[in-house]
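Novice: This structure is in structure tokens; I'll ask about it shortly.
The values are calculated or read from the model by the stated rules, or taken from the named source; none is laboratory data. It should be emphasised that the depicted structure is a prediction, and the values quoted were computed from it without experimental measurement. With ideal geometry, Cβ positions are generated from the backbone for all residues, glycine too; neighbour counts draw on all protein chains shown. Quick note on the areas: whole protein, heavy atoms, side chains included, nothing else; ligands and nucleic acids left out. Shrake-Rupley method; radii C 1.70, N 1.55, O 1.52, S 1.80 Å.
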Amino acid sequence: MSQEQKLGQAKTVARALVGLLSLLILLGGSPAMAQFNEVDDLAAEQAKEKQELEKMKQELRSIKGEVNDAMRSMSELTQTMQERPMAGAGQPVHEVHLFAKEKDIDLGGGKKAHCLTYNGQVPGPELHLKEGEPTRIVLHNELTVPTSLHFHGLVLPHTVDGLPRAGTAATKDSQPKSERYLRPGEIYAYQFIPTVQASGYYHPQVMHLKQRDLGLYGAIIVHPRLNSRSPDQELSLFINKVTVAAGKESGQKAQDVLVINGKTAPHIPAIETSPGKRLRLHIFNLSDQAVPLHLSGHRLEVVASNGSDPLEPHVIRDTVNLNPSDRVVVDILADNPGVWSLASDRPNQVSDKEGNFPSGLAVVFKYKVQ
Ligand SMILES: [Cu+2]
């Protein structure tokens, strides 16, 4: 074959190949291109997988972070709980001074009674303590007789509650029995860390209970450290019976008068609230009568009764019955504006012997005018 012939043949073969290639391209790409595409797809897939892997790693890292946070919170909580018995160390001390002294108290409507008081008021100051808070209550005896102090409803060491008693520092066993307590003019400090939430009241210990009847009492409330639902308003109500002595000059007859916080109706200050508020009342019955206490227009949510743990679910009542010495904690949702009454349901407890109404156990419960 000549050189030209060979060239012509090669051209023909090349043309045929080009034709075949064109056909293959038309049919969906050359095998070589197909291979290239596969490689591209694989690379893209690998890149995608890599991205997803990175994303998963990131998610894992964030989960790990969350787990670490949770672990940290758990260990902090455990530490706090382990530290509980030692709570209060290094904290400032909550100090309160109580002065036991005699005073004439106006029960309202000209009725006066000679009372024993803490700080010149009946009831004594309302004390608000916190779980774990170091507390010092200093009692100054300005009475003419010995006294003592008991924290009713609080769980305290024997070495604190009801002191002073025989054998303690402030007293001597050689002293006559009546002299063993906090003598007139003496001062005694009660130091403790409350560890359990409580709605209690302080008063002289059992040896001196007559002093309580004469006015020596006041609320002592221990608030929990973690409060899930705190009220907007909180107040304590002490129901008691006070004997008013006959007055030669005034012509006043001796009589028993039922009082709430040292006042008889209609002279008891009204409880004032606003729509939407949640009120918490700590109610103590120190009288010798059973009192069915009813609030009109509202319902009472009984939160605790006689030192119970907070009752869950709360019991709803429109009347709470308080036997002598009973104490209850009730919440009220102020959702019915108007002027209402919180009063005993027994007629003889809301009027006096002459039939005058209201007298005794009735408090106005009203909404502030806005
Ligand atoms: Cu008591």
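Novice: Is it the case that some residue within region 337-351 is within 13 Å of Thr273 (Cα to Cα), in a loop (DSSP other than H, G, I, E, B) and away from the ligand (no atom under 16 Å from the Cβ)?
Specialist: The answer is yes, given that some residue of region 337-351 is within 13 Å of Thr273 (Cα to Cα), in a loop (DSSP other than H, G, I, E, B) and away from the ligand (no atom under 16 Å from the Cβ).
Novice: Is at least one residue of region 175-187 hydrophobic (A, V, I, L, M, F, W, C), part of a loop (DSSP other than H, G, I, E, B) and modelled with pLDDT under 95? Don't jump to the end; show me each part of the working.
Specialist: First, the residues of region 175-187 that are hydrophobic (A, V, I, L, M, F, W, C): 182, 187.
Remaining after also requiring part of a loop (DSSP other than H, G, I, E, B): none.
No.
Novice: Right, here's the next one. Does Ser274 count as within 30 Å of Gly132 (Cα to Cα), assigned by TED's automatic domain parsing to the domain that holds Asp309 and open to solvent by less than 40 Å² (accessible area, probe 1.4 Å)?
Specialist: Values: within 30 Å of Gly132 (Cα to Cα): no; assigned by TED's automatic domain parsing to the domain that holds Asp309: yes; open to solvent by less than 40 Å² (accessible area, probe 1.4 Å): yes.
Here the answer is no, as Ser274 does not meet what is asked.
Novice: Find all pairs meeting these conditions: Cβ atoms under 9 angstrom apart; at least six residues apart or on different chains; first residue within region 204-232 and over 22 Å from Leu281 (Cβ atoms) and open to solvent by less than 80 Å² (accessible area, probe 1.4 Å); second residue away from the ligand (no atom under 16 Å from the Cβ) and in a loop (DSSP other than H, G, I, E, B).
Specialist: Close Cβ pairs satisfying both conditions: His208/Val145; His208/Pro146; Gln211/Leu143; Gln211/Val145.
Novice: Could you say which residue among Leu333, Leu361 is under 25 Å from the mean Cα position of the chain (by Cα) and away from the ligand (no atom under 16 Å from the Cβ)?
Specialist: Working: Leu361 fails: under 25 Å from the mean Cα position of the chain (by Cα).
Result of the check over Leu333, Leu361: Leu333.
Novice: Given (1) open to solvent by 10 Å² or more (accessible area, probe 1.4 Å); (2) under 11 Å from Ala100 (Cα atoms), where does His114 come up short, assuming only one miss?
Specialist: Checking His114 against (1) open to solvent by 10 Å² or more (accessible area, probe 1.4 Å); (2) under 11 Å from Ala100 (Cα atoms), the one that fails is (2).
Novice: Tally time: how many residues in region 119-129 are surrounded by fewer than 20 Cβ atoms within 10 Å (Cβ to Cβ) and in contact (Cβ under 8 Å) with a residue 24 or more places away in the chain?
Specialist: 4
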